[in-house]
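Since every read-out is calculated from the coordinates, none of them should be taken as a lab result. Because the structure is a prediction, the values reported are computed rather than measured. When we count neighbours, we look across all protein chains shown, and the Cβ atoms used for this are built from the backbone with ideal geometry, even at glycine.
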Amino acid sequence: MNNRWNRIVYRVWSPIYDRFFNSGSFLKARQQVFSNIVFTEGQKILFVGIGTGADLELIDRHSPDITAIDYSPDMLDQARKKFSETDIRFIEMDAQQLEFEANQFDVVVASLILSVVPDPDRCFGEMSRVLKLGGTLLIFDKFAPEESKLSLGKRLIRPVIKTLGTDIGLAFGKLYSRHSEALHVAEDRPLMMNGMYRKILIRKR
């Protein structure tokens, strides 16, 4: 995967993305992700890889100060159309190189982005960097099993799936271990597909 290819892939996905990833099991999973998350007035919230804005449909969009970024202009256009009546700032930006100062946001939300970007380690580091001390990093994504290798079938289809703009082989434990000194996992919960998709809530300390 690379940024240029991802732009092409998500140009294709943008008109139909919500039919697959904002309905059925995915919608139920997203609802669980935000079920006990309360955003309050005065908080600064960053959505990394906002896509078509599916997550924004599940929160109070008027109290906090919300910024939403995505690398795909086509996906961002879909989100802007949905939320044109709000004050949400939609910005075209690379999640691997966030154009914000350190310690800027109270909450960073990352839904289905670490498994999409070419360099998830760099993306994870950038999200941690812009998060305030005591802030929350909320992740919803798919990860490979921590305790075992990918099955032969998944190893064979992994390169094919990457051409569709996502990776089924990313291991969260290895990713987190490179940044764990400043972070603490407060919640790690399986949501769907036998635990492949997880909600992970992290605090910055």
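Listed values, structure above:
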| item | result |
| --- | --- |
| Electrostatic dipole magnitude of the chain [Cβ: Lys, Arg +1; Asp, Glu -1; Cα centre; debye, to 20] | 740 debye |
| Distance between the stretch 108-142 and the stretch 44-93 - C-alpha centres, whole angstrom | 16 Å |
| Most fluctuating residue given options 142, 132, 154, as computed from a GNM of the chain linking Cα atoms under 10 Å | 154 |
| Radius 10 Å from Cβ of residue 168, net charge of other residues (Lys, Arg +1; Asp, Glu -1) | +4 |
| For residue 109, distant residues with modelled amide H under 5 Å away | 46, 47, 48, 138 |
| Relative contact order (%) - criterion: Cα under 8 Å, at least six apart; region: the stretch 3-204 | 19 percent |
| Isotropically averaged projected area of the stretch 3-204, using the convex hull of Cα atoms (one quarter of hull area), nm² | 10.6 nm² |
| Cα-based reach from residue 142 at 13 Å (exclusive), listing aspartates and glutamates while leaving out same-chain residues under 8 positions away | 167, 188 |
